[in-house]
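In what follows, a single structure is set out as structure tokens and then discussed.
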Amino acid sequence: MKSDKKVKIALGLFVAFMVCMFFMNKTDAVKNIGISDIRSFIDSKGSLGPIVYVVLLTLLPLLLFPDSLIVIAGGMAFGLGWGTVLTSIGSLLGGMISFYISRYVGKDFVQKYAKDISAFKGKNNKVNGFFLILILRLIPMFPFKVVSYSAGLTNVKAKDFAIATVIGSMPGIVVYTNLGDKSSDIGSSGFCISIALLIALTVGSIFVKKRLERKDEAS
């Protein structure tokens, strides 16, 4: 009885929160937020800026907002080193929230997202969960939120999901954080290198994604 009550309460809170997030994302205030606005907001918090940034990333899976914009802003605000560390922490927390929401609360809500990721189809017992999440994290073309929610619908262990998320997300985090860090000196060799890394990551992701899709279709 107590467990059923907890589930109902959690579901009610989740639905209420999602309704709030839906209306927030419909407002012009959210739609018109840019990278510079995010960076200014973080800077305005002073010593609490790092905490605010991590909280933003933690709540990001519940918002209809591009991950890359916040990560680039984090690079602008904290530099490559601390920006990478803080982004890794926030991304892991956000990923775990999505994972547990999907697994224990909102399965019906996120079910529609899972079908869009062919890599998850019919592979619960065929592919090691850790390596599956690792591969999907290494490919930014698979949206971070969708992978997190979808993973919760499989039998992937939470520990494997967490470790694979930290390792697999690192290349993308470094590339986007570095882009933000170097954006203050547009035209410099460092900025050109950051753009080249971004292009390489994108092209490589598209190539690997297509290979996985063709392999999945063949099997």
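Checking the conditions here, which among D181, D160 is charged (D, E, K, R) and closer than 21 Å to G79 by Cβ? Spell out the reasoning first.
On the way: D160 fails: closer than 21 Å to G79 by Cβ.
Criteria check complete, one pass: D181.
Is it true that L60 is modelled with pLDDT under 85 and under 20 Å from A162 (Cα atoms)? Full working, then the answer.
Working: modelled with pLDDT under 85: yes; under 20 Å from A162 (Cα atoms): yes.
The answer is yes for L60.
Only a single criterion out of (1) in a loop (DSSP other than H, G, I, E, B); (2) of a type outside the set (A, V, I, L, M); (3) modelled with pLDDT of 90 or more is not satisfied by S47, namely (1). Highlighted here are the helices (runs of 4 or more DSSP H) found entirely within region 68-164 that include at least 3 residues which are crowded, with 19+ Cβ neighbours inside 10 Å, modelled with pLDDT of 70 or more and not basic (K, R): 129-138, 144-151. For the subset of region 143-179 comprising residues that are touching a residue at least 60 places away in the same chain (Cβ under 8 Å) and of a type in the set (A, V, I, L, M), which member is farthest from S36 (Cα to Cα)? Top of the filtered list is A158.
The values are calculated or read from the model by the stated rules, or taken from the named source; none is laboratory data. Computed from a predicted structure; not experimentally measured. Positions of Cβ are backbone-derived with ideal geometry, glycine not excepted, and every protein chain shown enters the neighbour counts.
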